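> The structure follows.
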């Protein structure tokens, strides 16, 4: 197959190296990593299975290779390319058919190797350690602090004070702010008896982790599944989300579609009378990108196979009041899912 990649993680997956100015071109059994002089020394040390080409104009270098090898068909992911970049690539190649395949690299990467699963497992373990570290911060000095300060502390704790990159900007939300699934930090101060939702992850050797916990705030705060809230309404909602989370993990099997796994969680919340408050999908794939395939949603017809890694993260959200989400990363094995 002939294809060209521009996304950094897609390029890294193919050859073990990427930069913010590089193209990966594969033509049959031959491959090239095209980059500029700022990166060629490092690229030649790291790239595997491809020849490093130094060029000041990456698109011009790619066109030259395509002409030299008389290529007639080239696959690309339109989500990776701007209109201007594609126009530059297609220039003076009138006989070349550019075949768009959305999510081309994500589809290739959907089933993880044992080595990738080991990296994702380690990322998840380190992420849990980050949650434990942040819980200690909240217990010792977090009560009374603003969400913005807690957000800063979460970034420090999750990154192990800069040792690891973060998978994404953490979500740290108190009470009503937690009713926004992607809440931004505010000036609200954390108080004893509050609800605290934290969604965060880190990268281990570029592979991401993703975890969410919702906790009752007091001097014994822990980001564990077992939680006891003072409000009976919040407790009912929390127990329902936990039941949905646990049921989806217990009953998901290889061969199910993403929609069927989504249904395992969603029907629990619907039967509990809170279906309208579950406003997002049950999960998403995780790998080099924080959002990959498969999608675990009510519209997903992707068949989930052994080796696929994804999240299970049901939630309910009541604007102006509170929100609850519980999320774990799992890998589908030959007979069931395993929490990473």
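FYI, it's all coordinate maths here, none of it is from the lab. Being a predicted model, the structure only gives us computed values, none of them experimental. Because the Cβ atoms are built from the backbone with ideal geometry, glycine has one as well, and the counts that use them run over all protein chains shown.
> Between the helical axis of 258-271 and the dominant principal axis of the chain, each derived from Cα atoms, what acute angle in degrees is found, rounded to the nearest 10?
With rounding to tens, the tilt is 20 degrees.
> Another question, if that's okay. In which sequence would 112, 236, 155 go, from the one with the fewest C-beta neighbours within 10 Å to the one with the most? The partial results should precede the final answer.
Working: 112 22, 236 14, 155 19.
With the fewest neighbours first, 112, 236, 155 line up as 236, 155, 112.
> Turning to a different aspect of this structure: Of all the C-alpha pairs in segment 230-316, what % are more than 16 Å from each other? Can you show the working numbers first?
Values: 1837 of 3741 pairs.
Above the 16 Å cut-off, segment 230-316 has 49 percent of its Cα pairs.
> Over the Cα atoms of segment 107-241, compute the convex hull volume and normalise it per residue, giving Å³.
Values: hull volume 15.9 nm³, N = 135.
So the per-residue Cα hull volume is 118 Å³.
> Helix 147-158: angle to the longest alpha-carbon principal axis of the chain, degrees 0 to 90, nearest 10?
Tilt of helix 147-158: around 60 degrees.
> If you don't mind, another one. How far apart, in nanometres, would the label points at residue 219 and residue 57 be if each is projected 7 angstrom from Cα along the Cα-to-Cβ direction?
7.0
> Defining a contact as two alpha carbons under 8 Å apart and six or more residues distant in sequence, what relative contact order in percent does the chain show? Could the numbers behind the result be given before it?
On the way: 726 pairs, mean separation 47.5, N = 340.
Across the chain, relative contact order equals 14 percent.
> Still on this structure, I have one more. GNM, the chain, Cα, under 10 Å: largest mean-square fluctuation among 264, 240, 66?
66
> Hey, another quick one. Do you know the relative contact order of segment 1-111, to the nearest whole percent, from alpha carbon pairs under 8 angstrom that are 6+ apart? Mind showing how you got there, number by number?
Numbers: 168 pairs, mean separation 26.2, N = 111.
Once normalised by length, the contact order is 24 percent.
> Counting C-alpha atoms alone, how compact is the chain: give Rg to one decimal and Dmax as a whole number, in angstrom.
According to the Cα coordinates of the chain, Rg and Dmax are 22.6, 71 Å.
> Just the number, please: percent antiparallel of the DSSP beta bridges in segment 2-108, rounded to the nearest 5.
On the way: 10 of 19 bridges.
Restricted to segment 2-108, the bridges split so that about 55 percent are antiparallel.
> Distances longer than 16 Å among the Cα atoms of segment 122-171: what percent of all pairs is that? Mind dumping the intermediate values first?
Values: 397 of 1225 pairs.
When every Cα pair of segment 122-171 is considered, 32 percent fall beyond 16 Å.
> At R0 = 35 Å, how high is the FRET efficiency between residue 21 and residue 136 if r is their beta carbon distance? Nearest 0.05 is fine. Walk me through the numbers on the way to the answer.
Values: r = 41 Å, r/R0 = 1.17.
For R0 = 35 Å, the calculated efficiency reads 0.30.
> Report the far tail of the P(r) of segment 39-138, meaning the percent of Cα-Cα pairs longer than 20 Å. Don't skip to the answer; put the middle values down first.
Working: 3135 of 4950 pairs.
Here the tail beyond 20 Å accounts for 63 percent of pairs.
> How do the peptides 79-85, 257-263, 156-162 rank, highest first, by the average count of neighbouring beta carbon atoms within 10 Å per residue?
Working: 79-85: 13.3, 257-263: 21.4, 156-162: 16.1.
Per-residue mean Cβ counts within 10 Å order the peptides as 257-263, 156-162, 79-85.
> Ok, one more. For segment 4-56, what D do you get in µm² per second when you plug the Kirkwood radius from alpha-carbon pairs into Stokes-Einstein at 25 °C and 0.890 mPa s? Don't skip to the answer; put the middle values down first.
Numbers: Rh = 10.5 Å.
Value of D from the Cα-based Kirkwood radius: 233 µm²/s.
> Follow-up question, since we're still on this one. Quick check on the chain: helices-only [θ] at 222 nm, where DSSP H runs of length 4 and up contribute -39,500 (n - 2.57) each and the sum goes over total residues. Nearest 500, please. It would help to have the intermediate numbers written out before the result.
Details: 9 runs with 109 residues, N = 340.
-10000 deg cm²/dmol, from helical runs alone.
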